[in-house]
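Here's the structure we're looking at; comments come further down.
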Amino acid sequence: MKNYEYILSSLPALSPNWKFPEDSTFDTYLDWIVSHCDKSDRNIIQTLLDGFKDENLIPEFYEAALRSDNTFLRDYFTFDLHVRNAKARFLNKAFGRPTDQDTIQISSGEFPEAARLDAILSTQDLLSREKGLDALMWEKISEISTFNYFDIHAILAYLAKLHIISRWFELDEETGRELFGKLVNEVRGTFKGVNYRPERDGANRS
């Protein structure tokens, strides 16, 4: 017997500004959710979790995710692939590399959010850029789970949003450098000879 209604009604409602209670983390909620799911749902959840790790995001992973029987996984990772490729092309343009270098060439349909994503990536402030990417992903998660209330899709959407929240923290200049490194390194290529320095030092942010 599926426990979706019990699981979801027992969890706190999420918003972008939601904070983890003291002594709790993403894993606290994940472990509780998984403990109430059956084996088939645990396998579906594991696919989502695997996609949260940059090292797993290779063509074979996306090919499998885009063929999944689960519509949330298909839609989520289709969007994730579009975003990933857009980031790669943005960096390629900034560094004078071939446009499609380090992109993953898998047919994934139209990308209606392309113009909005380009505007976010063009934001000069690195922290605002990161927040904008998170906000766009949050909106997409809501969109692809709009009519899912008490099913595995709703649980996947909850975990995807909780994962975004878990990455939000107090942002400072040092974090800005880390975010720049993350943006560069999360695509498959390695960009060498690129340095980030704050604008007050006279350097431009890519």
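The values are calculated or read from the model by the stated rules, or taken from the named source; none is laboratory data. The structure displayed is predicted, hence computed values, not measured ones. Backbone-built Cβ (ideal geometry, glycine too); neighbour counts: all protein chains shown.
Out of the residues in the range 124-136 meeting the condition of being among the hydrophobic types (A, V, I, L, M, F, W, C) and in contact with a Lys or Arg (Cβ under 8 Å, 6 or more places away or on another chain), tell me which one is surrounded by the most Cβ atoms within 10 Å (Cβ to Cβ).
So in the range 124-136, the residues among the hydrophobic types (A, V, I, L, M, F, W, C) come out as 126-127, 133, 135-136.
With in contact with a Lys or Arg (Cβ under 8 Å, 6 or more places away or on another chain) added as a condition, the list becomes 126, 136.
Details: LEU126: 22, LEU136: 17.
Looking at the filtered set, the residue picked out is LEU126.
Considering each residue of the range 49-60 in turn, none proves to be among the small types (Gly, Ala, Ser), out of contact with any Pro (no Cβ under 9 Å at 6 or more places or on another chain), surrounded by 19 or more Cβ atoms within 10 Å (Cβ to Cβ) and farther than 26 Å from PRO12 by Cα.
How many of the residues in the range 78-123 are farther than 24 Å from ASN56 by Cα, hydroxyl-bearing (Ser, Thr, Tyr) and surrounded by fewer than 14 Cβ atoms within 10 Å (Cβ to Cβ)? Final tally of qualifying residues: 1. Considering only residues in the range 124-159 that are outside any helix (DSSP H, G or I) and at pLDDT 90 or above, the one that is nearest to ASN43 (Cα to Cα) turns out to be ASP151. Do the conditions hold for LYS19, that is, is it within 23 Å of LEU133 (Cα to Cα), loosely packed, with under 13 Cβ neighbours inside 10 Å and among the basic types (Lys, Arg)? Yes.
Residues of the range 137-150 being crowded, with 17+ Cβ neighbours inside 10 Å and not aromatic (Phe, Trp, Tyr), which ones? Those that are crowded, with 17+ Cβ neighbours inside 10 Å and not aromatic (Phe, Trp, Tyr): MET137, LYS140, ILE141, ILE144, SER145, ASN148.
Answer yes or no: is there a residue in the range 105-112 that is in a loop (DSSP other than H, G, I, E, B), more than 16 Å from HIS82 (Cβ to Cβ) and acidic (Asp, Glu). No, that holds for no residue. Do the conditions hold for GLU55, that is, is it more than 25 Å from ILE165 (Cα to Cα) and out of contact with any Leu (no Cβ under 9 Å at 6 or more places or on another chain)? Spelling it out, it is not the case that GLU55 is more than 25 Å from ILE165 (Cα to Cα) and out of contact with any Leu (no Cβ under 9 Å at 6 or more places or on another chain).
When you look at VAL34, is it in contact with an Asp or Glu (Cβ under 9 Å, 6 or more places away or on another chain), over 27 Å from THR123 (Cβ atoms) and outside any loop (DSSP other than H, G, I, E, B), yes or no? Please lay out each step first, then the result.
Details: in contact with an Asp or Glu (Cβ under 9 Å, 6 or more places away or on another chain): yes; over 27 Å from THR123 (Cβ atoms): yes; outside any loop (DSSP other than H, G, I, E, B): yes.
In short, yes.
Whether a residue is out of contact with any His (no Cβ under 7 Å at 6 or more places or on another chain), closer than 30 Å to SER10 by Cβ, modelled with pLDDT of 80 or more and part of a helix (DSSP H, G or I) was assessed, and ILE120 does not pass this test.
Here is a yes/no grid of residues against (1) in a helix (DSSP H, G or I); (2) without any contact (Cβ under 8 Å) to a residue 40 or more places away in the chain; (3) touching a strand residue (DSSP E or B) at 6+ places or on another chain (Cβ under 7 Å):
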{"position": "GLU5", "(1), (2), (3)": "yes, no, no"}
{"position": "PHE20", "(1), (2), (3)": "no, no, no"}
{"position": "LEU30", "(1), (2), (3)": "yes, no, no"}
{"position": "SER40", "(1), (2), (3)": "yes, yes, no"}
{"position": "PHE52", "(1), (2), (3)": "no, no, no"}
{"position": "ALA64", "(1), (2), (3)": "yes, yes, no"}
{"position": "ASP75", "(1), (2), (3)": "yes, no, no"}
{"position": "ALA86", "(1), (2), (3)": "yes, yes, no"}
